[in-house]
Structures are given as structure tokens and as C-alpha cells.
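For reference, the structure I am asking about is given below.
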Ligand code: ADP
């Protein structure tokens with residue numbers, strides 16, 4: 001039998017008993033009143049006891065009672081006990097999580113909606129020099145590098161920003177922000193000192209080697225020219241050897257020049273001027289025609305806009321010359337190469353389009369890597385250093401521009417340089 005039924009039966013029995021006694025004694029109403037009052041008092045007493053118990057947190061063992069109240073006490077007690085268990089488990093989990101993030105080698109800072117520090121791990125306190133008392137402080141007040149403040153404000157956190165540590169300038173950090181939840185952000189900083197050092201060493205090495213190779217190459221070339229002048233053509237072996245040596249020294253010269261240019265692009269200061277791109281394109285097309293046998297019908301230049309752009313003329317010349325050179329090199333002699341300077345929505349765009357052999361889809365993402373040349377080109381021994389598109393990529397990066405490559409095998413390729421409209425300057 002359920003507690004509720006028992007409770008009801010007891011109430012009914014009491015009511016029947018009081019009715020009978022009341023009927024027999026003629027005191028029905030007073031007895032009924034007494035019964036109601038008694039029941040009310042009992043409930044009030046129970047409510048009072050329950051309120052006292054729950055007021056103290058309901059932690060102590062509940063008072064001895066019976067009937068429906070025992071059930072109520074039991075259920076509340078059980079809920080409380082489960083909640084306590086859950087809280088303990090949750091606390092343990094949070095502790096473990098904190099301990100693991102504290103032990104992380106990378107710095108982690110949780111930022112609030114107003115850039116205030118909500119929490120920072122040990123590594124963050126070490127590399128940023130943060131104190132426990134900095135909690136609640138706005139991070140731009142503590143890490144004051146302008147590039148960091150710009151990064152924080154930009155809201156574009158795709159790429160990390162490279163900063164020195166505010167307390168030790170010898171440490172280089174790659175700082176990245178990750179957004180999550182509602183307005184919360186996690187700032188992560190990784191020590192990239194060694195990585196940057198290696199990168200610098202690689203750049204220095206390439207720059208030094210290329211620089212040092214220039215003099216011996218010039219000497220070799222000089223002697224080779226003299227020897228070629230002296231060659232009377234009597235020995236075909238000697239003549240072809242000289243020709244091959246000349247071809248290879250020229251190739252080496254190109255390699256060294258391209259490597260030096262890449263080094264300059266990676267490390268050099270950016271200069272800015274307003275470059276007359278239409279004039280530059282006219283000149284480049286003329287030069288390219290002259291270089292490729294003076295065939296003026298091959299290049300079709302369309303100037304859809306007169307836009308000039310802010311940039312470095314020599315760098316743009318190298319990039320555009322490389323694109324045009326490739327288009328001519330990798331397409332049949334009798335095909336047309338289209339060069340189009342145009343506006344597209346917000347952007348100013350240069351398209352270089354050929355009807356050549358095209359690039360396999362798998363090769364497209366890789367062609368801008370240094371020394372990447374598709375196997376076909378290597379096998380066919382088509383001249384080239386494999387550095388041209390790497391130069392194009394770097395030049396465009398320095399001009400906030402992007403390179404799009406659309407290509408189909410045996411149909412042709414289109415290389416499009418997208419300059420942001422804000423670079424326009426006329
Ligand atoms: P290079 O032309 O000296 O080999 P690049 O860096 O300019 O080096 O180009 C890398 C590779 O991309 C080339 O070897 C070639 O396979 C491919 N490529 C570049 N431009 C074109 C093009 N217009 N058509 C077909 N393939 C191209």
C-alpha cells in the first residue's frame with residue numbers, strides 16, 4: 001500500500017471515529033473542530049521541523065518521522081546527497097583540468113568580452129610576466145606591443161602574430177587567439193625562438209651562398225666567353241661543350257639571381273610608390289615579345305582599367321615577367337597569351353591566361369613552392385629554375401595580394417593576381 005493511501009485511510013478512519021463518537025455524545029461539531037485543529041497542528045509542526053532542517057542545508061540526518069513526511073525527507077535527502085556527489089566529481093574534474101592546463105608548455109590566457117584576463121596558466125605568467133593580481137586587468141594594458149594590440153582589435157585571428165616576450169626580448173612568441181562560447185577568447189602563445197632562429201639561419205645561409213657564388217660564376221662566364229671566341233670550330237666536341245657550359249652557367253646565374261631576389265623579398269624593407277601598372281605591363285609585354293622571337297601576335301594585352309597601385313615597381317616587374325614568361329614558355333608557339341588588367345568588385349586584378357598544356361589539379365597547390373617543377377618539365381628539360389612562382393607569391397604577399405590559379409590539363413591556365421582595391425592610387 002502506498003504512503004498516500006495509508007495517509008488517506010488514517011484520515012478517513014479518524015473522521016469516521018469522530019463522527020460516530022460525535023453522533024453518540026452529541027458533540028459532533030466540537031469534536032470535528034478538535035480533529036481539524038489537531039491535524040493542522042501536526043502538519044504545522046512537521047513543516048516547521050522540515051524548514052529548520054532544510055535551512056541548515058539539509059546535510060544532517062533527517063529527524064525521525066513517519067508517513068508522507070518520512071517520504072519527503074527521504075527524497076530531499078537523496079537529491080541532496082546526489083548533488084553533493086556530483087559537485088565533488090565536477091570539482092575534481094575542474095581541478096584536474098586546471099592542473100593539466102597549468103602544466104601546459106604553451107601559455108594560455110582566458111580573455112573576457114572586454115579583453116580582461118579571466119584566467120592564466122603558469123607558462124603565461126612566466127612568458128608575459130603576469131601576476132596573480134593581474135586577473136581582471138585588460139590585456140592590452142599589460143602586453144603593449146602595437147602589433148599585438150592591432151591583432152587583438154582586428155578580430156581576424158587566422159594567422160598568429162609574432163612578438164618578443166615582454167619580459168625577455170630574446171624569447172620569440174607566436175601568439176594566437178581562439179574564440180569560443182559567447183564572446184570568450186583563449187589566447188595561446190608558443191615559444192618559437194628556436195624555430196625563428198633556424199629560419200633566420202636558413203635565410204642567411206641561402207643569402208650567403210648565393211652571394212658568394214656570384215663572383216666565381218662571373219669569372220667562369222668571362223673565361224668561357226674568351227674560350228668561345230678562341231674556338232675555331234675545328235673540334236665539334238669542344239664547340240658543343242662550350243655551348244652546354246654556357247647554357248649551364250646561364251642557368252646557374254638565373255638560379256643565383258632568383259635566390260637573391262627571394263632573400264630580398266623575405267627580409268627586405270618594403271618601399272612604397274604609386275606604380276603605373278598599365279605602363280609597366282606595356283613595357284613587360286614588349287620585352288617578352290622581343291625575348292621570345294619578336295612575335296608580336298602572341299601577346300594580347302587588354303587594359304580594362306587605368307588603375308595604378310601602391311607598391312614596389314621592381315618587385316611587380318619581376319612577378320609579372322615571371323607569369324608572362326611561364327605562359328609563353330608552357331604554351332605552343334602559335335597560341336595566344338592574354339594579359340588583362342581589370343577591376344573586379346573591390347579588387348584590381350591582373351590575369352595572365354594561356355592556351356598551353358595546363359597544370360594537373362594535384363600540382364596546382366604546390367607550384368608556388370620553391371624548386372617545385374612538375375615531373376614533365378623536368379623530363380622534357382624545359383628551362384627554368386622552379387623559383388619563378390615562389391617569387392610571384394612573395395611579391396604578391398608583400399602587396400597584400402592573392403594569387404589564384406585556374407588550370408586544366410591540355411586546355412590552358414589562368415594566373416590571377418588580386419590586389420585589394422585600397423591599394424589603388426590614382
Ligand atoms: P619554372 O617555370 O622555372 O619551372 P616556376 O616556379 O615559374 O618555375 O613554375 C613552377 C612550375 O609550375 C613549372 O615548372 C610548371 O610545371 C608549372 N607552371 C607554371 N606556370 C605554368 C603555366 N603557365 N602553364 C603550365 N604550367 C605552369
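The values are calculated or read from the model by the stated rules, or taken from the named source; none is laboratory data. Because the structure is a prediction, the values reported are computed rather than measured. Neighbour counts run over all protein chains shown; Cβ positions are idealised from the backbone, glycine included.
Among the listed residues 307, 327, 297, 279, which satisfies the condition of being farther than 21 Å from residue 413 by Cβ and out of contact with any helix residue (DSSP H, G or I) (no Cβ under 8 Å at 6 or more places or on another chain)?
279
Turning to a different aspect of this structure: From 47, 72, 68, 9, grab the single residue that is at pLDDT 90 or above and surrounded by 13 or more Cβ atoms within 10 Å (Cβ to Cβ).
72
Return only the number of the condition from (1) more than 8 Å from the ligand (Cβ to nearest atom); (2) modelled with pLDDT under 95; (3) within 24 Å of residue 250 (Cβ to Cβ) that residue 374 does not satisfy.
(1)
Return a yes/no flag: does region 340-347 have any residue that is assigned to a loop (DSSP other than H, G, I, E, B) and surrounded by 15 or more Cβ atoms within 10 Å (Cβ to Cβ).
no
Among the candidates 185, 144, which residue alone is part of a loop (DSSP other than H, G, I, E, B) and under 15 Å from residue 115 (Cβ atoms)?
None of the other options fit; the residue is 144.
For region 198-209, check the following and say yes or no: at least one residue is assigned to a helix (DSSP H, G or I), farther than 30 Å from residue 169 by Cα and assigned by TED's automatic domain parsing to the domain that holds residue 253.
Within region 198-209, none of the residues are assigned to a helix (DSSP H, G or I), farther than 30 Å from residue 169 by Cα and assigned by TED's automatic domain parsing to the domain that holds residue 253.
Give 390, 362, 327 a once-over and let me know the one that is part of a loop (DSSP other than H, G, I, E, B), modelled with pLDDT of 90 or more and within 13 Å of the ligand (Cβ to nearest atom).
362
Still on this structure, please answer the following. Which one of the conditions (1) free of Cβ contacts under 8 Å to residues at least 40 places away in the same chain; (2) surrounded by 11 or more Cβ atoms within 10 Å (Cβ to Cβ) does residue 92 fail to meet, given that it meets all the rest?
(2)
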